[in-house]
Amino acid sequence: MVEFSNGRIHFKVFRNKTLGSDYISELIKSEVESNNLYSKPTVLGLATGGSPKKVYEKLITYHITEGLSFKNVITFNLDEYYPIDSKNENSYHYYMIENLFKHIDINLANIFIPNGMLDRNDIPAHCKDFEDKIEEFGGIDLQLLGVGSNGHIGFNEPGSELSSKTRLVQLDHRTRLDTSERFGGLSNTPKYAVTMGINTILKAKKIVCMAWGASKASAISQLFSKKITGECPITFLKKHPKVELVLDEKAASLINPEFFKKESLFNK
Ligand code: GLP
């Protein structure tokens, strides 16, 4: 593993996504365990997509083999397609149940995922409730993030604003293309989503953002330009005091090697 900082952001580059995912699941485990010791709740912000799958697999293993308990864990998911039925296999509700929740001892009342089935008129109130609920639980302790190939975080697409909160958004063409195969073609792929905003995400106490594979390399390289811009929403992470970027070698492949040398890295 290679470790370095750029501004406020701390980077950890692992040889592959399995090693990177192991690191992240250990982080989450120790956060939950130390709160469990004092019967304190842990508020997690969760992501979906391919990126966190191995992290969730490992958390399930910790639950089964070491008895890691999620009874005191509250979760807020970043986003959900709109419109989509929660029973649809491509919904993030379905994803979370299949990939994590049904395998652990989490209390169903402690799970919050944006609702993709509401009438459009009811969405603003739902989004406000979602934001209020996060506050009620004292804010998110650790927000897990993936990144889209266009630099989106959650479903905050290029053009998103720093002040944005949970809301209905239109999906970028590239995002829809990236996922169209799963939906059986572009015409079946949702055009909208409900997502936490940039402001919502940046309010988390800690952020861990992961990126695996060459398709993420360009978005990651934007973190090394001086610009913080809504055109590449991941660059907003530079404003947060406690962000860790966990990468595999391919996602780190466009980071200037000179930078690595300058920062006198260490290898483990
Ligand atoms: C999706 C989600 C994001 C996710 C990103 C990357 O569209 N809305 O929360 O981080 O795109 O997806 P993947 O992990 O499958 O590459």
- Item | Pairwise centroid distance, computed over Cα atoms, of the stretch 232-248 with the stretch 115-130, Å | 28 Å
- Which is farthest toward the positive dipole end of the stretch 87-153 among 123, 138, 94, measuring Cα position about the Cα centre, with Cβ charges +1 (Lys, Arg) and -1 (Asp, Glu)? 94
- Counted neighbours (other Cβ, 10 Å), sorted fewest up, put 122, 22, 172 in the order 122, 22, 172
- 222 nm [θ] for the chain, helices only, -39500 (n - 2.57) per DSSP H run of 4+, per residue, to 500? -9000 deg cm²/dmol
- Task: Work out the length of the dipole vector of the chain about its Cα centre, built from +1 on the beta-carbon of each Lys and Arg and -1 on the beta-carbon of each Asp and Glu, and round it to the nearest 20 debye.
- Result: 740 debye
- Note on the structure: Calc'd 3J(HN,Hα), the stretch 51-58, phi into Karplus 6.51 cos²θ - 1.76 cosθ + 1.60 (θ = phi - 60°), Hz, glycine/Pro = x, comes to 4, x, 4, 5, 5, 5, 4, 5
- When all alpha-carbon pairs of the stretch 83-175 are counted, what percent fall beyond 16 Å? 66 percent
- Here the Cα Rg-to-2.2 N^0.38 Å ratio for the stretch 1-58 is 1.29
- Item | Computed E for residue 40/residue 132 - FRET, C-beta separation, R0 22 angstrom, nearest 0.05 | 0.55
- Which percent, to the nearest 5, of DSSP beta bridges fully inside the chain are antiparallel? 40 percent
- Task: Enumerate the calculated ³J(HN,Hα) couplings along the stretch 167-176 in order (Karplus 6.51 cos²θ - 1.76 cosθ + 1.60, θ = phi - 60°), each rounded to whole Hz, writing x wherever the residue is Gly or Pro.
- Result: 6, 7, 10, 8, 7, 5, 4, 5, 4, 5
- Note on the structure: If 238, 216, 226 are placed from fewest to most neighbouring beta carbons inside 10 Å, the sequence is 226, 238, 216
- Message: I'd like the Karplus ³J(HN,Hα) series for the stretch 25-40: coefficients 6.51, -1.76, 1.60, θ = phi - 60°, whole numbers in Hz, and an x wherever there's a Gly or Pro.
- Response: 5, 5, 4, 5, 4, 6, 4, 5, 4, 5, 5, 4, 4, 9, 6, 8
- Would you mind giving the average projected area, over all directions, of the Cα convex hull of the stretch 2-262 in nm² with one decimal? 13.3 nm²
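Computed from the coordinates by the stated procedures, all read-outs in this text should not be read as laboratory data. Quantities reported herein were computed from a predicted structural model and do not represent experimental measurements. Every residue, glycine as well, gets a Cβ built from its backbone with ideal geometry; the counts of neighbours run over all protein chains shown.
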